[in-house]
Structures are given as C-alpha cells and as structure tokens.
Amino acid sequence: MRELLSTVAAAALACGVPGSCGAAAEAGGRPNIILILADDYGIDGVGCYGSDRFKGKTPNIDRLASEGIRFERCYSAPLCGPTRCLITTGRYAFRTGGLTNQSAGQPLSSQEPSIAKILKAAGYATGMAGKWRQMGETPGDWGYGEYITDPTAGGYFWQKSYTKNGQLVQEDKEIYYPDVAHAFAMDFIRRNAGGPFFFYYSSHLVHGPILRTPDTKPEAAKDPRALYDDNVAYLDKQVGEVVAELDKLGLREKTLILFTGDNGTARQSGTIGGRQVNGAKGSMLEGGARVPLIANWKGTAPAGVVLGDLLDFSDFVPTFSDLAGAKLPEGVTFDGRSFAPQIRGQKGNPREWIFVQLGARWYVRDDAWKRDEGGNLFNMKDAPFVEAEVALDSKDPAAGEARQRLGAVLAQLNPAGGKVAPAPDKQSKKKKRRKK
C-alpha cells in the first residue's frame with residue numbers, strides 16, 4: 001500500500017531534502033524534456049568525464065557537456081531495475097519495494113506516483129522507447145501515451161519481435177532493436193514538435209551481450225574490446241542524431257536533454273587519469289552508482305559548466321515537475337530535490353547528502369563521507385578511486401562528527417522500516433568493501 005504520509009513540503013522536512021515541486025516554470029518557459037538513459041554506463045566510459053579509454057571517442061555526448069552542464073556527482077542505484085523504479089516514482093526503494101532487479105516490478109502504477117502521469121496531467125505528450133520490463137506492467141500503465149519496448153529484461157539487440165503500444169510486432173527478418181527504438185523516438189519528436197513533450201529514451205546500449213552493431217566491421221566483431229568500443233560509439237551516434245533532429249526542427253532552445261546511465265559500468269570498466277574507478281555495476285562502492293549526468297538546454301542552461309553538486313535519481317521527478325510547472329500528488333513522500341535552478345544557471349539549493357540502496361544494503365553519502373547500513377564510515381576525499389574506512393575508535397573529530405551526522409540522516413530515513421528487502425544480489429556480495 002502506498003504511503004500517505006505527508007504533503008510534498010512535509011515529506012521534504014521528513015527526509016531532509018526539501019523539494020521545489022510544482023513551482024511555476026521560470027525563464028526559458030516549459031521545455032520539452034528528453035531523458036536519455038544509457039545502460040551499464042558509468043563515468044569511466046565517457047570522454048568528457050576523463051575516461052582514458054574513451055577520450056575523444058564519445059564526441060556527441062561530450063558536445064552535450066561542452067554546450068551544457070556536466071554534473072560530476074550524480075548517483076543512480078547500483079542495478080537497473082531499482083534505478084528505473086526510482087526514476088519513475090521519485091521515491092527511495094525502501095518506500096516502494098523496488099529494491100532489486102527481482103522486485104523492481106513490484107510497485108504498481110495504481111499505488112505509486114509516476115513522472116509520466118504527472119507531466120501528462122500538466123499537458124505534456126508522453127512517450128518512451130527501449131528497456132522497460134523490469135518496471136512491471138506496461139509503460140502505458142505508468143502514463144506513457146506511446147511506447148515501444150522489448151519482451152526481455154536484459155540485452156535485446158538482433159531480434160524479430162518487439163512490443164509497440166501494447167501489441168506484439170513480428171518481423172519477417174532480423175532487426176536491430178536499438179534502431180527500431182531510435183526510429184520510434186525520432187518519429188515521436190517530429191510528431192510532437194509543437195510541444196510540450198516528455199520522452200524517456202531508455203537505451204539497451206551498452207548492456208550485454210555485447211554484439212555487433214550495424215556499423216561493426218568484420219574485424220572488430222572478432223575482438224571483444226573493439227566490439228565493446230563499437231557499442232559505445234553506436235550509443236554516441238544515436239545521441240548525436242537526436243540532437244541533430246532537434247536542431248533541424250528548431251527545437252533546441254525549447255528542449256532540455258538529459259543524458260545519464262542507469263548504474264556503473266558492467267564490463268571492461270576503465271580508468272580516469274590512469275586510476276581505476278572503485279567498483280562497478282552491482283556493487284555498493286562508488287563506481288556502482290556514480291554515473292554521468294549531462295544537462296543541455298540551449299539558450300537557457302549555461303554552456304561549459306561543471307558542477308560538483310550532489311544529486312541522486314530521486315531528484316528527477318521534482319526537477320521535471322518544476323520545469324513543467326506541474327503539481328505533484330499530495331499525500332505522498334517524495335525524496336528528491338529539484339535541480340531546475342542549476343539547469344537555468346542559478347545556484348539553486350544543492351542537497352547535503354544522497355542515498356543509495358540495493359536490497360538490504362544502503363548508504364548515505366555527503367560531500368566527503370559515507371556511512372552504510374552497518375554503521376561503517378568511509379572517507380571519500382579520494383573518490384571515486386579510494387574509499388578509506390575509518391576505525392570506530394578514530395580520534396579524528398571530523399570523522400566523529402560525520403559518523404554522528406550521517407547516522408542521524410539514516411535514523412530519520414529509517415530504510416530498515418520500509419518494504420521487506422530480499423537478499424542482496426550475488427554481484428554485490430562479491431565486491432570488496434575497499435579498494436586502493
């Protein structure tokens with residue numbers, strides 16, 4: 001049963017991160033919103049985040065950053081299902097039950113809020129394309145007026161079927177599903193050019209299995225490393241085509257493009273400045289949930305800005321609602337804080353901490369410290385490369401204050417008092433708590 005605990009203002013007080021939801025749209029008007037969610041794509045895979053391997057190899061994504069805002073510290077959940085639930089509802093997993101890939105489809109659209117429904121009520125056309133199944137029900141149930149999805153939860157590439165607006169479509173020959181989803185997205189944008197619209201572009205790239213793309217050359221198909229690079233290049237190419245189409249339609253000044261990833265890198269995670277990112281998909285280390293986030297709104301969002309503000313994916317619902325002048329449902333606890341002011345070039349009211357959960361494990365992290373469900377404290381000054389555990393008997397007064405402060409945040413959130421958590425995913429158990 002959905003919690004009917006408070007209004008948005010009271011919810012903000014309860015969780016310590018006041019939102020600014022439902023505010024009237026300010027300078028720049030009500031933008032179209034395109035959320036591009038890459039799959040298994042952490043900061044180590046993006047050139048503009050300092051990736052050694054992909055420097056100069058993600059030109060379209062990098063251009064979005066150079067012409068917009070690059071947020072350095074944005075946090076998803078460590079796995080795709082909980083992340084998608086968080087994006088959709090704006091509520092932490094212990095509230096909804098969307099705790100793991102196995103339970104992310106548990107929240108029902110009749111019992112939880114939905115960003116698509118919120119924006120639709122504000123007059124937005126809503127659509128989505130790509131990966132969906134782990135959210136449960138259909139995108140239509142969650143408020144998307146048009147959608148195209150796949151019948152599997154994992155990688156879905158060279159196939160002969162897909163689902164379009166609830167109907168199974170069978171093809172006579174093999175198709176590359178990311179191209180089908182991409183064509184649907186482009187068609188939606190063209191048909192709704194009069195705006196406003198919200199489109200959720202949930203790409204399968206670069207989820208495994210890592211297969212050839214339509215651009216892959218025969219020699220690259222035989223080399224796993226080259227094939228992975230080719231998948232990243234295809235993702236970047238499709239991002240570039242979305243931007244080019246908006247330019248062609250004269251919509252760049254009317255459209256906010258947000259690019260991000262659903263969790264850390266899964267395969268072939270890499271280095272930044274010669275140093276290995278600590279953790280990957282499925283882990284509760286920094287690299288498990290720290291993802292790229294780029295905001296590009298030509299003429300409104302300042303160009304070439306890099307922000308260190310802390311963000312997590314619960315912030316998307318209040319931010320999109322803020323930009324759309326939409327009203328959030330009353331009587332529901334939302335956990336996010338709008339970063340719409342930062343997108344408009346203002347200082348805003350950045351969060352003091354972010355919260356990450358996967359199953360029965362969680363942590364709260366502020367600017368320099370992290371405390372987990374076991375009460376362990378970590379110094380994060382050298383993140384995302386090193387997380388230095390601090391001994392309980394440490395004499396460092398800053399550590400003592402951080403332990404107390406973050407403990408109070410967790411006590412107020414009370415994740416253990418939420419929906420029943422299944423056992424942690426196997427991937428999480430295999431990760432070590434510290435890596436240098």
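The values are calculated or read from the model by the stated rules, or taken from the named source; none is laboratory data. If you're wondering where the values come from, they're calculated on a predicted model, not measured in any experiment. With ideal geometry, Cβ positions are generated from the backbone for all residues, glycine too; neighbour counts draw on all protein chains shown.
Quick look at the values:
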item	result
Boolean, ALA383 is out of contact with any strand residue (DSSP E or B) (no Cβ under 7 Å at 6 or more places or on another chain), in a loop (DSSP other than H, G, I, E, B) and within 28 Å of GLY81 (Cβ to Cβ)	yes
Extreme residue, nearest to LEU285 (Cα to Cα), among residues of the stretch 386-411 that are in contact with an Asp or Glu (Cβ under 8 Å, 6 or more places away or on another chain) and without any contact (Cβ under 8 Å) to a residue 40 or more places away in the chain	VAL390
Residue within the stretch 72-85 that is surrounded by fewer than 24 Cβ atoms within 10 Å (Cβ to Cβ) and without any contact (Cβ under 8 Å) to a residue 24 or more places away in the chain present	no
Inter-residue pairs, beta-carbon under 7 Å, first at pLDDT 95 or above and in the stretch 263-274, second of a type in the set (Lys, Arg), 6+ apart	ASN263/LYS281; GLY264/LYS281; GLY264/ARG290; THR265/LYS281
Listing of strands (runs of 3 or more DSSP E) fully contained in the stretch 241-342 that carry 1 or more residues being surrounded by fewer than 17 Cβ atoms within 10 Å (Cβ to Cβ)	305-312
Residue match in the stretch 327-349 (condition: touching a strand residue (DSSP E or B) at 6+ places or on another chain (Cβ under 8 Å) and of a type in the set (Lys, Arg))	no
Test result for TYR156, buried (at least 16 other Cβ atoms within 10 Å of the Cβ), assigned by TED's automatic domain parsing to the domain that holds GLN238 and in contact with a Leu (Cβ under 8 Å, 6 or more places away or on another chain)	no
Qualifying residue in the stretch 167-176 (condition: under 22 Å from the mean Cα position of the chain (by Cα), more than 26 Å from GLY29 (Cα to Cα), in the same structural domain as LYS131 (by TED's automatic domain parsing) and touching a residue at least 24 places away in the same chain (Cβ under 8 Å))	no
Every residue from the stretch 118-137 that is surrounded by fewer than 21 Cβ atoms within 10 Å (Cβ to Cβ) and either over 19 Å from GLY97 (Cβ atoms) or not assigned by TED's automatic domain parsing to the domain that holds ASP322 (or both)	LYS120, ALA121, ALA122, GLY123, ALA125
Some residue of the stretch 62-78 being assigned to a loop (DSSP other than H, G, I, E, B), farther than 28 Å from ARG365 by Cα and in the same structural domain as TRP353 (by TED's automatic domain parsing)	yes
Members of the stretch 399-417 found to be of a type outside the set (A, V, I, L, M, F, W, C) and part of a helix (DSSP H, G or I), listed by number	GLY400, GLU401, ARG403, GLN404, ARG405, GLY407, GLN412, PRO415, GLY417
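For (1) modelled with pLDDT of 95 or more; (2) under 23 Å from TRP353 (Cα atoms); (3) small (Gly, Ala, Ser), each residue gets a yes or a no:
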position: PRO78; (1), (2), (3): yes, yes, no
position: ALA93; (1), (2), (3): yes, yes, yes
position: GLY127; (1), (2), (3): yes, no, yes
position: ALA153; (1), (2), (3): no, no, yes
